[in-house]
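Beneath this line is the structure, given in structure tokens, with notes to follow.
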Amino acid sequence: MFLVTDPENDLLAYPRPSVAVDTAVLTLDEGVLAAALVGPDPRLPGTFVHPGETLARAALRALSAKAGIEGLDPQQLHVFDAPDRDDRGWVMAVAHLDVVPAERLRAARVRLHPVADLPPLPFDHAEIVAYAVTALRREYQAAPDPRGLVPEPFTLRALRAAHEGVAGRRLQPDTFRRAMLPHLEPTGEVERAGRGRPAELFRRGRG
């Protein structure tokens, strides 16, 4: 009697792709939305996933080893699985996103490039950055500075400047104020600068 193995249950019967992680680290650099790139040939920090390693751990390892960045919390963004995305072979990339103030990247081994003027990037890294930017802009349409790019407390002017940097365009002040005020908590303090009217200070709503 012969035992017939169901090929559907035999993992070795199927070719398997390599799995990589690439992380888009975005920030505001002098008010302009920028991506952190590494290496002499600019690219996103990434690596192949090791056996027994989680995607999250691989992303953190790449950020530390290739960019000199510690303490981030990148979130899974999207799977890029075009069979021809990597000329070295069949590689699926799980893209991640993190957003941090530029000050946290000053000592890192990265260069900040405006997302609107990226240098040529390998593989589909430009597509990953574009996907990350779209996701981030969607977040900023719904809430005041959800990624904490502006230190608290802040004025509405400073908050709007950050949102304009993320959006890549000017935002109408009155419309922005009406949209954001329900999500802000006044501190009861003001900022006095120059001879102008003191500006009220806010923090993000905790609700």
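The values are calculated or read from the model by the stated rules, or taken from the named source; none is laboratory data. The shown structure was predicted, so the numbers you read here are calculated from the model rather than taken from an experiment. FYI the Cβ positions are ideal-geometry reconstructions off the backbone, even for glycines, and counts take in every protein chain you see.
Here are the numbers:
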| item | result |
| --- | --- |
| Residue list for the range 107-127, filter: closer than 15 Å to Ala34 by Cβ and in contact (Cβ under 8 Å) with a residue 60 or more places away in the chain | Ala108, Val110, Arg111, Leu112, His113, Pro114, Val115, Ala116, Leu118, Pro119, Leu121, His125 |
| Residue within the range 108-125 that is over 15 Å from Pro42 (Cβ atoms) and not small (Gly, Ala, Ser) present | no |
| Criterion (within 25 Å of Gln75 (Cβ to Cβ), of a type outside the set (Phe, Trp, Tyr) and touching a strand residue (DSSP E or B) at 6+ places or on another chain (Cβ under 7 Å)) met by exactly one of Pro122, Pro198 | Pro122 |
| Count - residues of the range 152-174 that are under 19 Å from the mean Cα position of the chain (by Cα) and acidic (Asp, Glu) | 1 |
| Every pair of residues 6+ apart whose Cβ atoms lie under 6 Å, when the first sits in the range 162-182 and is under 15 Å from Arg204 (Cβ atoms) while the second is of a type in the set (Val, Ile, Thr) | Ala162/Val150 |
| Check on Phe176, in contact with a strand residue (DSSP E or B) (Cβ under 9 Å, 6 or more places away or on another chain) and at pLDDT 95 or above | no |
| Filter result for Tyr140 (among the hydroxyl-bearing types (Ser, Thr, Tyr), farther than 18 Å from Arg203 by Cβ and either crowded, with 19+ Cβ neighbours inside 10 Å or touching a strand residue (DSSP E or B) at 6+ places or on another chain (Cβ under 6 Å) (or both)) | no |
| The range 175-207 - residue that is among the charged types (D, E, K, R), in a strand (DSSP E or B) and within 24 Å of the chain's Cα centre (by Cα) and, of those, surrounded by the fewest Cβ atoms within 10 Å (Cβ to Cβ) | Arg203 |
| Residue match in the range 161-174 (condition: part of a helix (DSSP H, G or I) and exposed (fewer than 10 other Cβ atoms within 10 Å of the Cβ)) | yes |
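One line per residue, one yes/no per condition, for (1) aliphatic (A, V, I, L, M); (2) touching a His at 6+ places or on another chain (Cβ under 6 Å):
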| position | (1), (2) |
| --- | --- |
| Leu121 | yes, no |
| Glu127 | no, no |
| Ala135 | yes, no |
| Tyr140 | no, yes |
| Glu152 | no, no |
| Ala162 | yes, no |
| Thr187 | no, no |
| Val190 | yes, no |
